[in-house]
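One structure below.
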Amino acid sequence: MKIALPLATFVLTSLVTPVFAAGLADQISVVDPYVRMAPPGAKVTAAFMVVKNTSDKDIQIVKADSPAANTTELHNHINDNGVMRMRQVKEIALPAKGEAVMKPGGYHVMLIDMKAPLKDGDKVAITLKFSDGGTKTIEAPVKKSMIGMPVDDMKDMDHSKMKH
């Protein structure tokens, strides 16, 4: 009996822990992702999407990564005394039974120092990492400039001097 109880506890813990971590990631979905096509010579662009959390737990998006860029960051636009400024953020809240909207002029995934030019229709892999350690990888199609900041405005942005 002394051996059976610890063994049963180990087996149950081994089975439950991975399912819980994977279960929460399985309750996260990404809707309408896309990457804004950058003009020739531009080394930065942004990805937009709606991330939905169908679980009963709040979670945060704490990191993004993409093989298409040397640097991938979570960003937001803020109003700084009447001037819109882009800032890196540590996390994006994803409330229980809620969503995080990443759109032009708001939260977004910044792709900095692109490894190769992107064409309309290309697919860009983006991995979102969550505060519970789970991840979700999506394929976002590249689209020509849409609503919001004209893509030409991003071409000349100097991200090397951004305050992080």
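The values are calculated or read from the model by the stated rules, or taken from the named source; none is laboratory data. Treat the numbers as computed from the prediction; the structure is a model and nothing was measured. Every residue, glycine among them, receives a Cβ derived from its backbone with ideal geometry; neighbour counts consider all protein chains shown.
Before moving on, here are some points about what is shown:
- Checking each residue in the stretch 79-105 for being surrounded by fewer than 12 Cβ atoms within 10 Å (Cβ to Cβ) and either of a type in the set (S, T, N, Q) or part of a strand (DSSP E or B) (or both) picks out N79, D80, N81, V83, M84.
- Taking every residue in the stretch 52-65 that is in contact (Cβ under 8 Å) with a residue 60 or more places away in the chain and farther than 13 Å from I28 by Cβ and pairing it with any residue that is among the aliphatic types (A, V, I, L, M) and buried (at least 17 other Cβ atoms within 10 Å of the Cβ), at least 6 positions away or on another chain, the pairs with Cβ-Cβ distances below 7 Å are A64/L74; A64/V109; A64/I126; A64/L128.
- In the stretch 106-127, of all residues being under 10 Å from the mean Cα position of the chain (by Cα) and more than 12 Å from V50 (Cα to Cα), the one that is surrounded by the fewest Cβ atoms within 10 Å (Cβ to Cβ) corresponds to T127.
- When we screen D80, D26, D32 for residues that are out of contact with any Lys or Arg (no Cβ under 7 Å at 6 or more places or on another chain) and at pLDDT 95 or above, the only hit is D32.
- Residues that are in a loop (DSSP other than H, G, I, E, B) and at pLDDT below 50, drawn from the stretch 124-162: I147, G148, M149, P150, D156, M157, D158, M162
- Residues of the stretch 23-68 classified as over 14 Å from the mean Cα position of the chain (by Cα), part of a loop (DSSP other than H, G, I, E, B) and either among the aromatic types (F, W, Y) or surrounded by 20 or more Cβ atoms within 10 Å (Cβ to Cβ) (or both), total: 2
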